[in-house]
Amino acid sequence: MAGQTGTRKHVFSKKIDAFFKDLADAWNFVKRFFQEVFVPPYEFKEVIHQCYRIGVESLPLISLTGFIVGIVFTNQSRPSLSEFGATSWLPSLIAIAIVRAMGPLVTALIAAGKVGSGIGAEIGSMKVTEQIDAMEVSATNPYKFLVVTRVLATTLMIPVLVMYTDFVALMGAFINVNANELVSMSTFFAQVFSSVTFLDIFSSIIKSLFFGFTIGMVGCYKGYTSSKGTEGVGRAANAAVVVSMFLIFIEELLSLQIINLFRIK
Amino acid sequence: MDNREKVVVVRDLYKAFGELEVLKGVDLDLYREENLVVLGRSGTGKSVLIKIMVGLLRQDSGSMEVLGKEISRLGVRQLNEMRLKIGFSFQNSALYDSMTVRENMEFPLVRNIKNLTKKEISLRIEELLDAVGLPQTINQMPSELSGGQKKRIGVARTLVLNPEIMLYDEPTAGLDPITCVDINNLINEVRERYKTSSIVITHDLSCAKQTGDRMAVLLEGQFGALGTFEEVFPHAEDQRIKSFYDYNFINL
């Protein structure tokens, strides 16, 4: 009995050790990004290539999702507002919800699934097939070529995708409002712009930068530290999505608290 | 007393992974334009030895001198300069999946040799693809190549920077016997044509016999035998070396 308790304690302590080791490794990985990003050589060509892959190739999925979110959210909000005879507030309500929270969140979650898992799997597969070692022995810094470029690309492209999602979702919302309330496009968007403040747009872009950084960094970290062959690649891709989504929600919560401080003032 | 120039000098090299001691005081010399074959069973640390040579791993103690410089004392820039003089052909070729054969070969070239014109780059790539007998694959993706073709392209990619030393990690692993002979011939041709000194890591005695000037057999972290094929194998007294030979040739 005492032996069993001892073994359990030992296993538990090993897990705690592994957790803190992983945390320290992740910290060093992030620290290395800031050490390498400002030092030449700069991989501009690869950054642009990654921006294209992350940005342009995500457009169809983001467009469809954003459009559906706009329509569904408008449809679901209408009954509540109509109870108070306030359906004319729909454009304002939808605009605020989309710009402040839904646009950034939906885009980041879609990107975590599509881009984050892709990065995790790609780098993980390069790791287990020794392509990263091959890069290193040919005197190329693989961290700079693979990690810095991808993290920069996600950090730059997610805010752009968020603005695009906001637009597409608002278009979806407009179509729904137009069909039901016969509101013209100019009236709809006039109401949208009168209810959205500079702080809403600014905070949305800033938090999207953090979302993008998180998606890129987690995907790269999980891929770069993957092991155990193809099974490890699958795990890296899966962990990249799960961890990024978890961190995105935490960041959303934190950003809400910080932005509210500015609103109260 | 051997007066030939030594390009790699390994002395009393130790390397462990946790509690697993892999290399336990390894001594080794590689002479200029020599093909040295390092043999041993899987997990004996053969690949670890050459990974220390290019700075992918660091030894726990002992010295690893390559072209007169101690690898563990080199800074990042010096290590990268040294890496340009060493070609490393990986066990599974390690071609970049997302690039064509041309882009795979351009990658080390354009990053390390500045001021090359597009024509010069193309000429260099075409010359090397001719040398490995695969000029037609230039625009193909690695996924479209056979195992043997990948190995050849992998070798061509390492040669693009004119290395002085070639390291081959299991060059014939997973290939059919005929392709193995082709790869062995390629290793010999590379030495003849580009005047390289090579270390070939393998557990394939046919490959060893065909390519090696000397054999070094790694047994439990140390070299158990060192010499020509005839000196080391047919009449080996050490049971472990004898069984290695028997399983490769006699048991067939």
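Read-outs: derived from the displayed coordinates by stated rules, not from any lab. For clarity, every value in this text was computed on a predicted model and none was experimentally measured. Reconstructed Cβ throughout: ideal geometry from the backbone, glycine too, with neighbour counts over all protein chains shown.
Translational diffusion coefficient of chain A at 37 °C, 0.692 mPa s, Stokes-Einstein with Kirkwood Rh over Cα pairs, in µm²/s as a whole number. Rounded to a whole number, D works out at 160 µm²/s. Taking 23 Å as the straight-line reach from the Cα of B:LYS69, the lysines in range (excluding those fewer than 8 positions away in the same chain) are B:LYS6, B:LYS15, B:LYS24, B:LYS46, B:LYS51, B:LYS85, B:LYS195.
Between A:ASN75 and A:PHE262, the distance separating the two model label sites (each 7 Å from Cα on the Cα→Cβ line) works out to 3.4 nm.
Equivalent ellipsoid of the protein assembly as shown: semi-axes from √(5λ) of the C-alpha gyration tensor, largest first, are 57, 26, 20 Å. Most fluctuating residue of A:GLY223, A:GLY85, A:GLY66 in a GNM of chain A with Cα springs under 10 Å: which is it? Residue with maximal mean-square fluctuation among A:GLY223, A:GLY85, A:GLY66: A:GLY85.
Legend: mean number of C-beta atoms from other chains within 10 angstrom of residue C-beta atoms, peptide A:134-146, equals 6. Of A:THR225, A:THR129, the sequence from fewest to most neighbouring Cβ atoms within 10 angstrom is A:THR225, A:THR129.
Using C-alpha pairs under 8 Å with a sequence gap of at least 6, the mean separation divided by the residue count of the range A:44-264 gives a relative contact order of 35 percent. The spacing between the range B:53-107 and the range B:119-182, judged by their C-alpha centroids, is 17 Å. Specify the angular offset, from 0 to 90 degrees and rounded to the nearest 10, of the alpha carbon long axis of helix B:118-131 from the longest principal axis of the alpha carbons in chain B. Once rounded, one gets 40 degrees. Rounded to 0.05, the FRET efficiency of the A:GLU83 and A:ILE205 pair, given R0 = 56 Å and the Cβ-Cβ distance, is 0.95. Taking each residue as 0.36 nm, the span from B:GLU127 to B:ARG77 lengthens on full extension beyond its C-alpha to C-alpha distance by 15.1 nm. For the range B:89-119, which trypsin sites (Lys or Arg not before Pro) pass both filters: DSSP loop (anything but H, G, I, E, B) and at most 14 other C-beta atoms within 10 Å? Sparse-neighbourhood loop trypsin sites (Lys or Arg not before Pro): B:LYS114.
Across chain B, the mean sequence separation of Cα contacts (distance under 8 Å, 6 or more residues apart), normalised by length, yields a relative contact order of 26 percent. Compared with the direct C-alpha span, the chain from B:SER206 to B:ARG193 gains 2.5 nm at full extension, assuming 0.36 nm per residue.
Helix A:198-224 and the longest principal axis of the Cα set of chain A meet at an angle near 30°.
Distance between the modelled labels on B:ASN185 and A:SER13, one decimal in nanometres: 6.2 nm (7 Å Cα→Cβ projection). Only Cα sites of the range A:212-254 enter the Debye sum here, all with the same form factor; the resulting log10 I(q)/I(0) across q = 0.25 1/Å is -0.77, listed in q order. Extent along the principal axes, Cα only, for chain B: 56, 45, 39 Å, with the longest axis given first. With respect to the cross-link table entries A:LYS14/A:LYS207; A:LYS45/B:LYS119; A:LYS114/A:LYS144; B:LYS114/B:LYS151, which display a Cα-Cα separation exceeding 32 Å? Violating the 32 Å Cα-Cα cut-off are A:LYS14/A:LYS207.
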